[in-house]
1. Considering L338, L365, L403, L389, which residue is modelled with pLDDT of 85 or more and out of contact with any Lys or Arg (no Cβ under 9 Å at 6 or more places or on another chain)?
2. Taking the range 27-83 as the region of interest, how many residues are touching an Asp or Glu at 6+ places or on another chain (Cβ under 7 Å) and buried (at least 19 other Cβ atoms within 10 Å of the Cβ)?
3. Starting from the range 182-195, keep only residues that are open to solvent by less than 20 Å² (accessible area, probe 1.4 Å), then list their pairs with residues that are in a helix (DSSP H, G or I) and β-branched (V, I, T) whose Cβ atoms are within a distance under 7 Å, requiring at least 6 positions of separation or different chains.
4. Please go through (1) in contact with a strand residue (DSSP E or B) (Cβ under 9 Å, 6 or more places away or on another chain); (2) in a helix (DSSP H, G or I) for P161 and return the number of the only condition it doesn't satisfy.
5. So is A373 touching a helix residue (DSSP H, G or I) at 6+ places or on another chain (Cβ under 8 Å) and either at pLDDT below 85 or open to solvent by 20 Å² or more (accessible area, probe 1.4 Å) (or both) or not?
6. How many residues are open to solvent by 30 Å² or more (accessible area, probe 1.4 Å) and outside any loop (DSSP other than H, G, I, E, B) when one looks only at the range 105-125?
7. Looking at V275, is it open to solvent by 50 Å² or more (accessible area, probe 1.4 Å) and modelled with pLDDT of 70 or more?
Amino acid sequence: MQNEDGSPRRGLTAVLRTPARAAEPLFAQAPKVWQRRLPYAVVAAAVLSLLPVTITVLTNDYKAGGGWAGALGVAQTVPLLLAPTRPLIAWAVVLLADTVGAFVLIHADRITGQPWPWTPMVIVGYLLLMAALGLRESIRTLVAVWLATGAVGALIGFSQPDGVTNTHALLFVLAGVMLVVTGALRGVGDAQRRVAEQESISEGERAQRTLLEERARIARELHDVVAHHMSVITVQADSAPYRLPGLPEEVRQEFGSIAASARESLSEMRRLLVVLRGDGPDGERAPQPGLARLQQLVEATVRAGLPVELSLAEGAARAAEAVPAVDLSAYRIVQEALANVVRHAPGATTRVSVRHDVRGAGEVLVLVVNGRARGAAVDLESSGTGHGLVGMRERVRLTGGTLDTGPLPDGGFRVAARLPLRSPTEDSS
């Protein structure tokens, strides 16, 4: 369930499980105003009801005297107003007031047969404080509070007058139960928060790992492109003295140095490829595909059961071949987009368009649009591995282009990439 703003709907139980920080009031992180004000309303209602009842009972039942009854009523109830913000301070003040009240009641005129050392009103207010403490403080603090409550009650018990109903054990047990229940609620909230934080960290690590994997895959593919050019440089430099007779010795040596440098660079790239592929020197070294093989890719996708229409403009493949990185990136973007359609929108009609924009330095424009899936479509950004979109973004960034992806009003999805045929460094030179 969600609120109108799209945030998860949180009931009172969920708010109880949300721990307050050290400087925050109880329920400070609640999404609704009435939930944040609820602790203040509860303690205000408790004080307004307990104060007159305490004064009345101490005056009429215990015959403690009007002055003492009023003073004890205020001291035992008004500090409860601090429970939402400073429950430990409120507990210390109330415990002191209750202790003083117990000794005062020893000398009351009608103590025989009455609850002592804790009156019923004291027990109700104390349990309210235990609830506030349990929802906020640590386990160590709660244990200390409970033991202090028992110790104070035991010490007061040495002064117990004859004929009273001892309520020390009752308060000790009820306070322990209240602390256990509210502390358990807060513990559940703490555990859920830690799990959510860990899931967030894991999601970030997974996204970073996916990004690194895609970059490594792109680097492996581009190795073959760069290695081809290095091989051409080596052959041309080695064969220059034979193709161009009569060259001076200095020129021959210069060509030899160029060939040696090219061979050394090619060897270093092969070592890098071993690291990137992680499968030893016998890894796959097949030629990298380009737009010239796009028709084969579409035909294979159609045979797999996905209806695809291809529009490959004349000159687009030829223009991309002049820049191998663009040629490879355009092919991979179409490949990743079709794979996403197969995974997340099976059976959807898909249109692939590749054309060459000759304005300026020239661009290759790639557009893949799929309609609504025959089954239930799944959001690409929130399900599956997400490798497709990550890979597309990295390939577009490699060529200095732009990528536009997003859902369509009719339920389909659109991938549009612009891949310049000249790098930004070439444009600025």
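1. L338
2. Of the residues in the range 27-83, 1 are touching an Asp or Glu at 6+ places or on another chain (Cβ under 7 Å) and buried (at least 19 other Cβ atoms within 10 Å of the Cβ).
3. As it stands, the answer is G183/I139, since those pairs meet every condition given.
4. (2)
5. On the way: touching a helix residue (DSSP H, G or I) at 6+ places or on another chain (Cβ under 8 Å): yes; either at pLDDT below 85 or open to solvent by 20 Å² or more (accessible area, probe 1.4 Å) (or both): yes.
So A373 passes the test.
6. So the count comes out to 4.
7. So V275 does not fit the description; no.
Let's see how each residue does on (1) closer than 16 Å to W146 by Cβ; (2) hydrophobic (A, V, I, L, M, F, W, C); (3) in a helix (DSSP H, G or I):
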| position | (1), (2), (3) |
| --- | --- |
| P84 | no, no, no |
| V93 | no, yes, yes |
| V100 | no, yes, yes |
| F103 | no, yes, yes |
| L133 | yes, yes, yes |
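The values are calculated or read from the model by the stated rules, or taken from the named source; none is laboratory data. All figures in this text were calculated on a predicted structure; none of them were measured in a lab. Cβ: placed from backbone, ideal geometry, glycine included. Neighbour counts: every protein chain shown. All accessible areas refer to the heavy atoms of the entire protein, side chains included, with ligands and DNA or RNA removed. Shrake-Rupley method; radii C 1.70, N 1.55, O 1.52, S 1.80 Å.
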